[in-house]
Amino acid sequence: DYCVKVSHLELYNEELFDLLNPGNANLKLYDAPGTQGVTVAGLEEVVVYAPQDIFTVLERSCEERRSAETKLNKNSSRSHCIFSITLHIKET
């Protein structure tokens, strides 16, 4: 058994935003005990079933990114994003 999930996180003005659930506020980073990384508490994950589902979610979530014009780039995002694809495998 396996499950594929995606999430999309934005860092803007030193704050974290969930691009899959824009109403999700006050996201916090913390060390995940027993893992080799960090976790974002409350970050929305969406189950996807086909490769095209991943691109659909990515397109939809990119529309939520913040942008502002700069002198060098009219459509500058002025933010950083992390789009994660997570594969959960359960051996039966």
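The values are calculated or read from the model by the stated rules, or taken from the named source; none is laboratory data. The structure presented is a predicted model; accordingly, all values stated were derived computationally and were not measured. Please note: Cβ atoms are built from the backbone with ideal geometry, for glycine as well, and neighbour counts cover all protein chains shown.
Per-structure values
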item: Residue match in segment 73-81 (condition: modelled with pLDDT under 80, within 19 Å of ASN13 (Cα to Cα), among the basic types (Lys, Arg) and surrounded by 10 or more Cβ atoms within 10 Å (Cβ to Cβ)); result: yes
item: Test: residue in segment 47-59 that is assigned to a strand (DSSP E or B) and either at pLDDT 95 or above or loosely packed, with under 10 Cβ neighbours inside 10 Å (or both); result: yes
item: Hits in segment 1-46 - residues which are charged (D, E, K, R), surrounded by fewer than 18 Cβ atoms within 10 Å (Cβ to Cβ) and outside any loop (DSSP other than H, G, I, E, B); result: LYS5, GLU15, LYS28, ASP31
